[in-house]
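Single-structure report; data block below.
The values are calculated or read from the model by the stated rules, or taken from the named source; none is laboratory data. Because the structure is predicted, anything quoted here is derived from the model rather than measured. Here the Cβ positions follow ideal geometry from the backbone for every residue, glycine too, while neighbour counts run over all protein chains shown.
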Amino acid sequence: MRGDLEIASIRHWIVHVPLTSAISWSSGKRSGSTRLICEVETRGGVKGYGETICLLDFVPAVFEGVVAPLGAGLKVTEVERLTRAAEGAGYYHHKRALVFALSALEMAMWDARGKHAGLALHEMWGGAYRSRIEMCAYVYISDPDTVADELLRYRGQGFKSFKLKVGLDPERDVALVAKARETLGPSANLRVDPNGAWTPATAKRMIAKLAPHDLQYIEQPLPVEDLAGAAQLRASSPIPICVDEGAYTLQETMSAIRLGTADVVLLDPHESGGLWQCLKAGAVCEAAGIHVGLHSGGELGLTQAAYLHLAASMPNAKIALDTIYQHHADDILTERIAFEDGHADVPDGPGLGVEVDLEKIESHRSERIVSAYLDPDSPGWFAEKPAY
């Protein structure tokens, strides 16, 4: 019955799951992932679960004050109505403050909808264009003298795509990429991410130095606001330019395409406001002949499962998915998602196709947001964009 699809209750948790070891990047130091986990229960007794990034204090405030009240009483099929209502509550002015909170409930609604229908998410989105998804080895070691061992370890596990964090120091960045290419040989896909640390002038100089190493792409080389600079840089760059933070929302994705800022777009349902918005952005990119990947922001099992369904459903999701999922010491699922030979199988159960472990959620419950944007070992330090 249609009444069974109505949301009867919504609850959420803030969890912090530690990483096996801390990782540093151009915006800070991360010891674990803080996430907001959402549960919806329908009047038909079906529970759905969602997850989102929760690295800043506004996420739970917006979820509790805006998203959850608007979702109460909706049917789990009404994700578009939820999105429009939340934007209409004043957040059309502040979409970037809305999307993280919105996506947790939206994912839970899709999970519950799939369970009601007895269908996996990809089966509701046009079917699995592919059933096995390539994953990218995300290497956070920035020391060229020690990175080879980590790269070889991943290659031994079957990975063929590799990502490095740069944007820390020009000379070290070039040496790091050179060592990675020397270690991996010419056939590996190698990509780098400066996290918006470069000025346009620095980006030109760095690209000239990195071009001989045959990079798959450079992700977000300039600060997110510099759309004109990004378009000019892409027009002159021999290395493909990937946009991530510069194409958070559906409208920003369209702007990136119109202005010519991107050869590749990394999508993220948390940063676009949900799985449905992410699928729309993927379709816009497909129409423009642009391949897409998915951004890694500290995903636990619910998000990792959602990513696999998204990548299965979008024909142009041909780029190995970024992930730091395997860097976590634990998960909130009863059974962790396995990577084999550098790939992951798309879940085939109803909804997200994975099962949460409520005891693990409780064990990782956190009363505070643990930031990833500062370095506790360097008091007074903060990320400056662009840094150099």
Inset, instruction - Can you work out which of the residues in the range 226-279 that are among the charged types (D, E, K, R) and in a helix (DSSP H, G or I) is surrounded by the fewest Cβ atoms within 10 Å (Cβ to Cβ)? - result: Arg258
Legend entry - Hits in the range 197-214 (condition: within 27 Å of Glu271 (Cα to Cα) and buried (at least 22 other Cβ atoms within 10 Å of the Cβ)): Ala197, Trp198, Ala203
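Being buried (at least 18 other Cβ atoms within 10 Å of the Cβ), touching a strand residue (DSSP E or B) at 6+ places or on another chain (Cβ under 7 Å), in the same structural domain as Asp263 (by TED's automatic domain parsing) and modelled with pLDDT under 95 is the requirement here; does Gly293 meet it? Spell out the reasoning first.
Values: buried (at least 18 other Cβ atoms within 10 Å of the Cβ): yes; touching a strand residue (DSSP E or B) at 6+ places or on another chain (Cβ under 7 Å): yes; in the same structural domain as Asp263 (by TED's automatic domain parsing): yes; modelled with pLDDT under 95: no.
When the stated conditions are applied, Gly293 does not pass them.
I need the full set of residues from the range 237-279 which are hydroxyl-bearing (Ser, Thr, Tyr) and in contact with a Lys or Arg (Cβ under 7 Å, 6 or more places away or on another chain), in order please. So that I can check it myself, show each step before the final result.
Residues of the range 237-279 hydroxyl-bearing (Ser, Thr, Tyr): 237, 248-249, 253, 255, 261, 272.
Residues satisfying the conditions are Tyr248, Thr249, Thr261.
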Inset, instruction - Having 2 or more residues that are more than 18 Å from Leu250 (Cβ to Cβ), acidic (Asp, Glu) and in contact with a Gly (Cβ under 7 Å, 6 or more places away or on another chain) is the bar; report the strands (runs of 3 or more DSSP E) wholly within the range 1-104 that clear it. - result: none
Legend entry - the range 306-329, subset surrounded by fewer than 22 Cβ atoms within 10 Å (Cβ to Cβ) and farther than 19 Å from Asp348 by Cα, residue nearest to the chain's Cα centre (by Cα): Ile324
Legend entry - Qualifying position, being within 17 Å of Thr42 (Cβ to Cβ) and touching a Cys at 6+ places or on another chain (Cβ under 8 Å), among Ala104, Ala72: Ala104
Inset, instruction - Take Gly90 and decide whether it is surrounded by fewer than 23 Cβ atoms within 10 Å (Cβ to Cβ) and in contact (Cβ under 8 Å) with a residue 40 or more places away in the chain. - result: no
Inset, instruction - Being in a strand (DSSP E or B), aliphatic (A, V, I, L, M), out of contact with any Lys or Arg (no Cβ under 7 Å at 6 or more places or on another chain) and buried (at least 16 other Cβ atoms within 10 Å of the Cβ) narrows it down to one of Met135, Met107, so name that one. - result: Met135
Inset, instruction - Determine the pairs where a residue that is more than 19 Å from Ala85 (Cα to Cα), located within the range 258-280, has a partner that is at pLDDT below 95 and aromatic (Phe, Trp, Tyr) with Cβ atoms under 8 Å apart, the partner being 6 or more residues away or on another chain. - result: Asp268/Tyr248
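For residues that are part of a strand (DSSP E or B) and either of a type in the set (A, V, I, L, M) or in contact with a Cys (Cβ under 8 Å, 6 or more places away or on another chain) (or both), tally how many sit in the range 304-344. Reasoning before the result, please.
We begin by selecting, within the range 304-344, every residue part of a strand (DSSP E or B); these are 321-323, 328, 333, 340, 343-344.
Going one step further and asking which of them are either of a type in the set (A, V, I, L, M) or in contact with a Cys (Cβ under 8 Å, 6 or more places away or on another chain) (or both), we end up with 321-323, 333, 344.
Total satisfying the criteria: 5.
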